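Inspection log for the structure reproduced underneath, given as structure tokens.
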Amino acid sequence: MNNMTPATSETSAALDAALVGFVGRTLLPRTRAQDPVNLPMIRHWVEAMGDTNPIHTDEGAALATGRSGLVAPATMAQAWTMRGYAAHRRRIAGDLPADSEEQRLTTLLASVGYTAIVATDSEFEFVRELVVGDHLSVEEVIESISAEKVTALGTGRFLRTVRTYTNQDGEVVARQRWTTLRFRPKVREPELAPRPRPALNEDNAWWFDAAREHRLLVQRCADCGTLRHPPGPCCPHCQSFTWDTVEASGRGTVYSYTVAHHPRHPAFDYPLLIGVIALEEGTRLIANILVDAAGAEPDAVGDYVHVDAPVALEWLDLDDELTLPAFRVVTEEKH
Amino acid sequence: MSWRAVIAGIGATEFSKSSGRSELQLACEAVVAALADAGLTPADVDGLVTFVKDSNPEIEVARSTGMGELSFFSRIGYGGGAGCGTIQQAMLAVEHGVAAVVVCYRAFNERSGVRFGLGHADQPMSATAERAAYSWLTPYGLNTPAQEVALFARRYMHEYGATSEDFGRVAVVDRRHAATNPKAWFYGRPITLEEHQASRWIAEPLHLLDCCQETDGGQAIVVVAEDRVADLPHIPVRILGAAQGSGADQHLMTSYYRSEITGIPEMGLVGRQLYAQSGLRPDDIDAAIIYDHFTPLVLPQLEELGFCGRGEAAGFIADGNLELDGRLPMNTHGGQLGEAYLHGMNGIAEAVRLVRGTSVNQPASVERVLVTAGTAVPTSGLILGA
Ligand SMILES: [Zn+2]
């Protein structure tokens, strides 16, 4: 289940208008890197990256390619202008000047719950090689802000900026299209309690043992061949106490189902789909029903299942002790 | 025919959500009240019957209320299915002369104490067959009676085209009758079908208003031999039929493995016995107390008991047959949705009042009343008459 709560259309429209005003503005004014391009940082980088190209660390090799000296890996462009982790945290924690565009944008996004940020894409265009001694600056301009999107992480908007890296002479070294998702983090689902244990005895433990091996067994009378579930010690048709099993194909249909809402047991997510499944072998069993309802309101899961719907077996490995069958509604032609 | 045993007295506590006293006290209050209603005292009692699920042992009730020697004591299992079965036990004891005055009782703090509606997932584990049966339910979250009934209800809707509104009409009838019963929890509070539809989901297709209440209280009923009738303050209520039934392939609340699950074959078995014992037919029944822990299972009961055909109960109800002026006034006390959830024992008391002519919602002419006990479990039933 997801717990996303999309913004209402009014707040979304008001936000759209405010955000449009940010497009084209400078998020980060031209800022000079702390250090010039230097060999120690290049060494750290190529070692960490496993980059063995000698033009980065061997002056002779660099000269042999016709270059004037050592060059930095192109993808380091961003690294020269980045601050350390602690300084970065301080900045986003409130050290931004109150009148800065970045602070104004951050405040606006936070007002609708977009408190989280994650980088989603980076596209580089390299114009000039960086040589040791160059001193970079970076400027960041907002290129676009998307409409509200629902993502796996939460609901938010994609912010795309263009970062322009220039050298000490004002020449463009690289351009970077930098996309981040500013989003409302999904409420973290609380950890579920362990599911209630089956009460195991001589008549049923074998079934749960097989389930841990992902085998759905149906008990079969060894004398008359009648299948039975739930299992028991005696065949109700011929009174035989001898039995074996057959392994079910896992195909079946929904014989009946319920969507449980209340009361809630801490081991389960609600609403909870529970069904009586008719196996193609002819027996029925109770199991949870799974549906492909991504993006649906949690309360609408019942719309994705109906009596007689075809289902296919999946296994739920719940913990070290307990594995249970579940049945996913096989998606039919959309109609 | 009718049996030599008759119902002589009924007595109950108030029905509440928090009784503020022990279950044993509730049992004793109900027993003493029922004996007083019968013009008897605890010293007259020589038999007791209750539910396996009742927490009040016969010896505690007997000792506390001042009963002396007991020559008969018995308990019936399977939750609410026991109700009418306790009367059958008492009747059989009286018929066979092993007891002369038998009190059937049921008392619990089911709302303020252990609530059945919260489910059985966290009950203690054991390897008994009774407990092992839950292995096929609780690991999947199938945990409460409402969920268990919902699986029957969904299939019934599928096969017969019944709707949630068809279930809701049962609740509306119950609550209408409770609204004019001062002893009912929902006295003065009828509901509309719209309110039923708007009530929140419990376990689809069951809304909140499809589910009975949970109640603290006690109810007792006194069964005596016919030859004591002369001493009784009320007209004796005759037991025209008394039956138990467990169907083929019976499970506790989860008989989902039968070729069909839209009927209640154990109730059909009860009905056949009731009609055979009494020589009556469905047309001879003037009013009914139909067990209503959850509305959907009222419909197949009406069908199993022959008041309408298979799959026809929705229309039978919509046509007004269960109203006070209808063909079969049902749950005139308000049922367990409206009056109280006393595991059906309060319904037996209402049937007694209907035969006596003392119900607060007494229909025009009632001579014979059919009563049922809990469904989806091994069950029981009665036909009572003047
Ligand atoms: Zn066999």
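The values are calculated or read from the model by the stated rules, or taken from the named source; none is laboratory data. Nothing here was measured: the structure is a model prediction, and the numbers come from that model. Reconstructed Cβ throughout: ideal geometry from the backbone, glycine too, with neighbour counts over all protein chains shown. All accessible areas refer to the heavy atoms of the entire protein, side chains included, with ligands and DNA or RNA removed. Shrake-Rupley method; radii C 1.70, N 1.55, O 1.52, S 1.80 Å.
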Scan the range B:114-134 and report the pairs whose first residue is at the interface with another protein chain (Cβ under 7 Å from one of its Cβ atoms) and whose second residue is open to solvent by 50 Å² or more (accessible area, probe 1.4 Å), with Cβ atoms within less than 7 Å and a gap of 6+ or a chain change.
B:Met125/A:Arg197; B:Ala127/A:Leu200; B:Arg131/B:Met125; B:Ala132/A:Asp203
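Go through A:Ala267, A:Ala205, A:Ala211, A:Ala222 for me and flag whichever is within 8 Å of chain B (Cβ to nearest Cβ) and either within 16 Å of the ligand (Cβ to nearest atom) or within 40 Å of the chain's Cα centre (by Cα) (or both). Even if it seems obvious, please write down each step before you answer.
Working: A:Ala205 fails: within 8 Å of chain B (Cβ to nearest Cβ); A:Ala211 fails: within 8 Å of chain B (Cβ to nearest Cβ); A:Ala222 fails: within 8 Å of chain B (Cβ to nearest Cβ).
After ruling out the rest, the residue left standing is A:Ala267.
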Among the candidates B:Ala150, B:Ala107, single out the residue that is away from chain A (no Cβ under 14 Å) and crowded, with 24+ Cβ neighbours inside 10 Å.
B:Ala107
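When you scan the range B:344-377, how many residues do you find that are of a type in the set (A, V, I, L, M, F, W, C) and free of Cβ contacts under 8 Å to residues at least 60 places away in the same chain?
Our first condition is that a residue be of a type in the set (A, V, I, L, M, F, W, C); within the range B:344-377, this holds for B:345, B:348-349, B:351-352, B:354-355, B:360, B:364, B:366, B:369-371, B:373, B:376-377.
Retained after the next criterion (residues that are free of Cβ contacts under 8 Å to residues at least 60 places away in the same chain): B:364.
Of the residues in that region, 1 qualify.
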Subset of the range B:318-343 (residues that are open to solvent by 10 Å² or more (accessible area, probe 1.4 Å) and either in contact (Cβ under 8 Å) with a residue 60 or more places away in the chain or under 28 Å from B:Arg111 (Cβ atoms) (or both))
B:Ala318, B:Glu323, B:Leu324, B:Tyr341
Odd one out for A:Glu47, checked against (1) open to solvent by 90 Å² or more (accessible area, probe 1.4 Å); (2) charged (D, E, K, R); (3) part of a loop (DSSP other than H, G, I, E, B):
(3)
Pairing a residue in the range A:177-192 that is modelled with pLDDT of 80 or more with any residue that is of a type in the set (Phe, Trp, Tyr), where Cβ atoms lie under 6 Å and the two sit 6 or more apart in sequence or on different chains, gives A:Thr179/A:Phe158; A:Leu181/A:Phe158; A:Arg182/A:Tyr114; A:Phe183/A:Tyr114; A:Arg184/A:Tyr114
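Of A:Ala287, A:Ala296, which residue is more than 10 Å from chain B (Cβ to nearest Cβ), within 29 Å of B:Leu206 (Cβ to Cβ), in contact with a Phe, Trp or Tyr (Cβ under 9 Å, 6 or more places away or on another chain) and away from the ligand (no atom under 16 Å from the Cβ)?
Answer to the selection: A:Ala296.
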Quick check on my filter: what residues within the range B:295-317 are without any contact (Cβ under 8 Å) to a residue 40 or more places away in the chain and surrounded by fewer than 17 Cβ atoms within 10 Å (Cβ to Cβ)?
B:Gly306, B:Gly309, B:Glu312, B:Gly315
Can you list residue pairs whose Cβ atoms sit under 7 Å apart, with the first residue in the range A:234-251 being within 8 Å of the ligand (Cβ to nearest atom) and the second being among the charged types (D, E, K, R) and open to solvent by 100 Å² or more (accessible area, probe 1.4 Å)? Count only pairs 6 or more apart in sequence or on different chains.
A:Cys235/A:Asp223; A:Cys238/A:Asp223; A:Ser240/A:Asp223
Go through the range B:293-328 and give me each residue that's assigned to a helix (DSSP H, G or I) and over 20 Å from B:Ala373 (Cβ atoms).
B:Ala314, B:Gly315, B:Phe316, B:Ile317, B:Ala318
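Having 2 or more residues that are within 14 Å of another protein chain (Cβ to nearest Cβ), touching a Pro at 6+ places or on another chain (Cβ under 8 Å) and without any contact (Cβ under 8 Å) to a residue 40 or more places away in the chain is the bar; report the strands (runs of 3 or more DSSP E) wholly within the range B:170-255 that clear it. Write out each step before concluding.
Details: elements: B:201-204, B:216-225, B:237-245.
Fully inside the range B:170-255 and qualifying: nothing.
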Of A:Gly275, A:Gly250, A:Gly232, the only residue that is within 13 Å of another protein chain (Cβ to nearest Cβ), under 30 Å from B:Ser259 (Cβ atoms) and either out of contact with any Ser or Thr (no Cβ under 9 Å at 6 or more places or on another chain) or exposed (fewer than 14 other Cβ atoms within 10 Å of the Cβ) (or both) is A:Gly232
How many residues of the range B:26-54 are closer than 17 Å to B:Ala225 by Cβ, among the β-branched types (Val, Ile, Thr) and under 21 Å from the mean Cα position of the chain (by Cα)? The answer is 1
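Would you pick out the residues in the range A:299-310 that are within 7 Å of chain B (Cβ to nearest Cβ) and not in a loop (DSSP other than H, G, I, E, B)?
Narrowing the range A:299-310 to residues within 7 Å of chain B (Cβ to nearest Cβ): A:302, A:307.
Listed by number, the list holds a single entry, A:Gly302.
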A:Tyr304 passes all but one of the listed conditions (1) within 16 Å of the ligand (Cβ to nearest atom); (2) open to solvent by 50 Å² or more (accessible area, probe 1.4 Å); (3) closer than 22 Å to B:Gly141 by Cα; the exception is number (1)
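Conditions (1) part of a strand (DSSP E or B); (2) among the hydrophobic types (A, V, I, L, M, F, W, C); (3) open to solvent by less than 50 Å² (accessible area, probe 1.4 Å), marked per residue:
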position: A:His135; (1), (2), (3): no, no, yes
position: A:Glu143; (1), (2), (3): yes, no, no
position: A:Ala152; (1), (2), (3): no, yes, no
position: A:Thr155; (1), (2), (3): yes, no, yes
position: A:Phe158; (1), (2), (3): yes, yes, no
position: A:Gly170; (1), (2), (3): no, no, no
position: A:Ala174; (1), (2), (3): yes, yes, yes
position: A:Thr179; (1), (2), (3): yes, no, yes
By my count, helices (runs of 4 or more DSSP H) wholly in the range B:55-160 with at least 1 residues that are under 24 Å from the mean Cα position of the chain (by Cα) and within 25 Å of B:Ile261 (Cα to Cα) are B:83-95, B:129-132, B:145-160
Test A:Tyr257 against the stated conditions and say whether it is within 35 Å of the chain's Cα centre (by Cα), within 14 Å of chain B (Cβ to nearest Cβ) and either open to solvent by less than 50 Å² (accessible area, probe 1.4 Å) or within 16 Å of the ligand (Cβ to nearest atom) (or both).
yes
Considering only residues that are over 29 Å from B:Trp185 (Cβ atoms) and of a type in the set (Ser, Thr, Tyr), which ones fall in the range B:1-55?
B:Ser2, B:Thr41
Kindly indicate whether any position in the range B:167-190 is modelled with pLDDT of 95 or more and within 30 Å of A:Ala199 (Cα to Cα).
no
